[in-house]
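The structure under discussion appears below in the form of structure tokens.
The values are calculated or read from the model by the stated rules, or taken from the named source; none is laboratory data. Predicted, not measured: the structure shown is a model, and the values here were computed from it. Note: ideal-geometry Cβ built from the backbone for every residue, glycine included; neighbour counts use all protein chains shown. The protein model used for the area step is the full one, side chains on, heavy atoms only, and it has no ligands, DNA or RNA in it. Shrake-Rupley method; radii C 1.70, N 1.55, O 1.52, S 1.80 Å.
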Protein chains: 4
Amino acid sequence: MTVPAQCREFTEIAERVNNWGRWGADDEIGTLNLVTDAVVREAASTVRTGRRIPLALPLQQDGVQTGLVPGRVNPLHTMVALNVEMFGPGTVATSDDAVTMGLQAATHWDGLAHVSYGGRIYNGRPATTVTAHGGAAFSGIEKSRPLVARGVLLDVARARGEEQLARGHAVTPEDLEAAEEFAGTRVRAGDIVLVRTGQLRRYLSGDRNGYAHPSPGLSLRTPAWFHARDVAAVANDTLTFEIVPPEIEGLWLPVHALHLVEMGMLQGQNWNLEELSEACAEEGRHAFLLAAQPEPFTGGTGAPVAPVAVL
Amino acid sequence: MTVPAQCREFTEIAERVNNWGRWGADDEIGTLNLVTDAVVREAASTVRTGRRIPLALPLQQDGVQTGLVPGRVNPLHTMVALNVEMFGPGTVATSDDAVTMGLQAATHWDGLAHVSYGGRIYNGRPATTVTAHGGAAFSGIEKSRPLVARGVLLDVARARGEEQLARGHAVTPEDLEAAEEFAGTRVRAGDIVLVRTGQLRRYLSGDRNGYAHPSPGLSLRTPAWFHARDVAAVANDTLTFEIVPPEIEGLWLPVHALHLVEMGMLQGQNWNLEELSEACAEEGRHAFLLAAQPEPFTGGTGAPVAPVAVL
Amino acid sequence: MTVPAQCREFTEIAERVNNWGRWGADDEIGTLNLVTDAVVREAASTVRTGRRIPLALPLQQDGVQTGLVPGRVNPLHTMVALNVEMFGPGTVATSDDAVTMGLQAATHWDGLAHVSYGGRIYNGRPATTVTAHGGAAFSGIEKSRPLVARGVLLDVARARGEEQLARGHAVTPEDLEAAEEFAGTRVRAGDIVLVRTGQLRRYLSGDRNGYAHPSPGLSLRTPAWFHARDVAAVANDTLTFEIVPPEIEGLWLPVHALHLVEMGMLQGQNWNLEELSEACAEEGRHAFLLAAQPEPFTGGTGAPVAPVAVL
Amino acid sequence: MTVPAQCREFTEIAERVNNWGRWGADDEIGTLNLVTDAVVREAASTVRTGRRIPLALPLQQDGVQTGLVPGRVNPLHTMVALNVEMFGPGTVATSDDAVTMGLQAATHWDGLAHVSYGGRIYNGRPATTVTAHGGAAFSGIEKSRPLVARGVLLDVARARGEEQLARGHAVTPEDLEAAEEFAGTRVRAGDIVLVRTGQLRRYLSGDRNGYAHPSPGLSLRTPAWFHARDVAAVANDTLTFEIVPPEIEGLWLPVHALHLVEMGMLQGQNWNLEELSEACAEEGRHAFLLAAQPEPFTGGTGAPVAPVAVL
């Protein structure tokens, strides 16, 4: 990655958070290794009320994509059968649908092969192992299952008393720690952290372009914090995950590079954390069981996910 | 549905299991109403080891569809970007994918609007409320969330000491009760029941056509059993869910009609229960927390799901 | 069609131009019957210079659709193989592509089943013969071949000395006749008429929304003119073909209803007539051989076409 | 391309037929340069009866693909609107369709970027200029228009008095010359040659697998013949264009390499030449005007085409 001269910071962070080889040279799932059975038992024990909150946006043509990313198309839902009495007149009738969509178009996980830099993906494999003929040979999204863990909502917006963060707001480690304190739960190894900025409210209120950018997002300094805490995965409620336009001019998507390539950590975008924010505030707790298994597309560099938080 | 003369049985069952109006005239989710917070708390409490078992088949072009059902195509995974340095030479590079697939092509839930008969879908709504322009206006699969509950594996094949059921085997209520006894867990209101026939072993061993049919499946007599137990949803490891060719000549998909239309109960197909069968046998228990949220396609008459059992 | 009270005009025209039964009760191609072998021989004889002008817009994601018509998506071009040495290292390498697109999204023909009113399509068949399971059982676009005929450019914009017609301009029979005079060629039975408004210049200059609407288009009074001349098909260089917003408030797409349903006449949209306009002006003639075979999608209610004019 | 030792023949032919630089270093269309205005005038003059013969197979899910080539899927035709009264009850109703398909799945042209070897495509450009993000930057199929020329049917099967060639039959230059003599027309510079083997009869009679292979096809020795005649393009009625399994063990698709890479010549597959064969035999002539414009997919390495022969 071409790094502006002043950005030695990026290189230093990259070295610090690098997980290549940590789980062996053959590893393809990175920080998902941190989701141990003990973590999952602990996650199950957080369930108190049994209340379930869905975190996925509905999949529809009027989705969050605006055409900015070529080829990343909103779901096109079509019908191939409508009440067809396929076994003859008067028999049971069936309807069938088909869909075309970008795997990264809606509420999704970025897989580890979604990004490369310096010709490498996670664990030092060549970027050329991602091909049009099969997608990601290594670290495809189908390797990432099963994904159930403890989830922790870091409600940065609410902790700051804001409906939504200002559009250029860079979420810092200090923001995360303030939200952690607000949450009353310390983030632990193997957790999935959900960072709420409130930015999705723009989309929900009808402003699709305003949702896209400018956008608050995770600062370049946050990956080291996630690394120090040994977080398993991070998702938020923005289109790009990071600050747009970027904090450091010309340094695009540094957090992608650090999370996906250096750390081998899944990251999620376009998660709807609004209802969860309300629920956590009502119940006065911000940890829960989180079921967030991506659809296992073989070779996928990402995949839609329909996460559910169980409080 | 044109019912052969001898099949007064179907009509009698249909009347017995009908749930129209049970949760109000406006209800669109049927037996999912049975998944109460208490059920979910109970589900969470079943978690002991924290072991997670994925139940979805990988989504790939070499999937379970053989072309028998027009338009129900296996996933076509394509690339729209491969390590593109979209912000200029030397910057971070991204890869993006797109997919086209039938919503009922792989491991999926049939939504309530997937089937109609006599011109009606669940809760008595006209079948014509499913259109090409938006899909299911009522009971679309996006209404069905969030779907986390207690899962119970009824391992009919293993309970009978068979690797897989004979191809014409009609799974009866007696089979279910034998499997329940084998499981050591009584099926309760709000449970999601997974019925294992072992038929999927044919697909896994490479015999795609043999998997399709002839196939064992759930007998016409089982819906009444599920209804009596107030089950929330049922899934199995076959392509059609039901016996193919049908038990009663000319009476195609009677269980679909009973589950989806009369009861308003989701049913799942192509679930991979092999690893779960091993795990449950090893752990000596067959109840677990099941996370099985369908992808919320607006208006979908079904949707892919990536279920995870947590033991 | 709900016709405003003052619009007895529509009904009168509908009766006048109706072609149901004209070519028999079984006919599915309407005015294409007028393209006789003699017409084609005549078309071939118009070729003088051998100059060929393509009339299709390139098929790409940055196409003319803006999202106004749900489901009518611009072409999504994806790769499924990139220089894959599928027979082993060092062997010949192949690249393959796939596409998803609306059949009416780009330069296309509307098929006769694209529109219905009063529950009928062309030749009085029920609109319900168009289904999700196979598309148009009658008058599908695959029936419309082969489509080679004499083409005549009626360059309404140029004839009026305008770069492009004003946005609300209703092209009248008088406009057509002025353009015919400008062309120096009388429109004859079996001709394909290309009406140029210049509106496509807006899209070509980058104003996609401005191209969509408001738009000039063919007036309600033109179908009778085409009918009187026994034209085989008509295409133009607008998104909607007709004036948007409509000439008579509340009367949407009356020309579609007249052309497709009453007359059984294909109509084309988003044809790029700019280069042709220049060429015809240069050569001082406006009749040519036109090859405009739609892609024969079975059951299609329309189809992309890559027309070529040969001067 | 790894060439078996005995296959110095391939290398010799490659050198002989190479057209790199022939039309300049910037050229992207190769032998289409040979279709001059004079050729087209000549083509138009061949029209005598005005009879039109369509040469495309219908585009439908039950197409010629069998799953052998990953990602090359038969057309999936879906509906996104069915008689929708989009402007209110009683207004005109529209139906819209969408499609997903492989660009090389049906009757198509292979574009020049469809094949590479030794890391090169036509005119010596790097194979890496074909990417997932835009397809072919050079020699994309959208560059190939407009494609109207003289067509000549070389009906090898009929000239040999056979319904269809034997499955391993390698069509040789001698076969082509015998067919040329049978045709009574000498192939000239700028012609599009259609070579009929009769193999498509297998598909038309329902034997899709038998159509795929084993298959007759064009021998390694034919490109030099086409080159000597300065043919503009060649199409035939087989799935692979070449002999399958290959003439020389281990030498797969040598004709693709010669035509597309060395010569820069489009080649067509899955063309239905049955009706044309009958018509030419009836009329006693085998030259005609051929309109065969590919759909101009930007960056496409191939494209569907709906060719029409005008006799």
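Treating each Cα of region A:193-262 as one equal point scatterer and applying the Debye formula with no solvent, the log10 of I(q)/I(0) at q = 0.19, 0.22, 0.25, 0.26 Å⁻¹ comes out as -0.76, -0.95, -1.13, -1.18. Annotation: average projected area of region B:69-175 is 13.0 square nanometres, based on the convex hull of Cα atoms across all directions. The heavy atoms of A:TRP252 offer some 70 square angstrom of accessible surface to a 1.4 angstrom probe.
Note on A:138-149: average number of Cβ atoms from other chains within 10 Å of each residue's Cβ is 4. Taking the average, over residues, of other Cβ atoms within 10 Å as the packing measure, peptides D:257-270, D:48-61 rank D:257-270, D:48-61 from highest down. Modelled label positions at B:ARG8 and A:MET86, each set 7 Å beyond Cα in the direction of Cβ, lie 3.2 nm from each other. Per residue of A:196-209, other chain Cβ atoms within 10 Å of the residue Cβ number 0 on average.
Compared with the rule-of-thumb size 2.2 N^0.38 Å for a compact globular protein, region D:139-262 has a Cα radius of gyration ratio of 1.04. Kirkwood radius and radius of gyration were both taken over the C-alpha atoms of region C:234-273, and their ratio Rg/Rh is 0.98. Average 1/r across all pairs of distinct alpha carbons in the protein assembly as shown, invert it, and you get the Kirkwood radius: 32.0 Å. Plainly put, the tip 7 Å out from Cα toward Cβ on D:THR49 is 3.3, 7.7, 8.0 nm from that tip on each other copy, the closest given first. The protection proxy used here, the mean number of other Cβ atoms lying within 10 Å of each residue, ranks peptides C:70-79, D:177-186, D:209-218, B:171-180 as follows, highest first: C:70-79, D:209-218, B:171-180, D:177-186.
Solvent-accessible surface of region D:192-289, taken per residue with a 1.4 Å probe and all protein chains present: 25 Å². Taking a ≥ b ≥ c as the square roots of the Cα gyration tensor eigenvalues, with a/c under 1.5 meaning rounded and otherwise prolate when a/b beats b/c, else oblate, which class fits region D:22-66? Oblate shape, in that a/c is at least 1.5 and b/c is the bigger or equal ratio.
For region A:22-132, the square roots a ≥ b ≥ c of the C-alpha gyration tensor eigenvalues yield an a/c of 1.5 or more together with a/b not exceeding b/c, which makes the shape oblate. Each Lys and Arg adds +1 at its Cβ and each Asp and Glu adds -1 at its Cβ; summed about the Cα centre, the protein assembly as shown shows a dipole of about 0 debye.
Distant-in-sequence amide contacts of A:LEU103, defined by a placed amide H-H separation under 5 Å and a gap of 5 or more residues or a different chain, comprise B:ASP97, B:ALA98, B:VAL99. FRET efficiency for the pair D:THR36 and A:ARG208, taken as 1/(1 + (r/R0)^6) with r the Cβ-Cβ distance and R0 = 60 Å, rounds to 0.75.
Per-residue shielding of D:54-63, expressed as the average number of other chain Cβ atoms within 10 Å of the residue Cβ, stands at 6.
Using all pairs of distinct alpha-carbon atoms, the Kirkwood hydrodynamic radius of region A:209-311 works out to 15.1 angstrom.
The other copies place their B:GLU274 label points at 4.1, 4.3, 5.7 nm from this one, listed shortest first, where each point is 7 Å from Cα along Cα→Cβ.
The alpha carbon centroids of region C:59-128 and region A:35-110 are separated by 23 Å. Chain B's nearest residue to the axis relating it to D, judged by Cβ and reported with the distance in whole Å, is B:THR100, 2. Does chain B come out rounded, prolate or oblate by the C-alpha gyration tensor, with a ≥ b ≥ c the root eigenvalues, rounded set by a/c under 1.5 and, if not, prolate when a/b is larger than b/c and oblate if not? It is rounded, given that a/c, with a ≥ b ≥ c, falls under 1.5. Between B:THR172 and C:ARG160, the distance separating the two model label sites (each 7 Å from Cα on the Cα→Cβ line) works out to 8.0 nm.
Interface of B with C. Using a 1.4 Å probe and counting protein heavy atoms only, the two chains hide about 600 Å² of accessible surface, both sides summed. Computed over the alpha carbons of region D:130-169, Rg followed by Dmax gives 18.2, 49 Å. Taking region D:290-311 and a reference point 7 angstrom along Cα→Cβ of D:ARG120, no backbone N atom is nearer than 20 Å.
Summary for A:ASP37: label point 7 Å along Cα→Cβ; distances to the equivalent points in the other copies, ascending, 3.2, 8.1, 8.2 nm.
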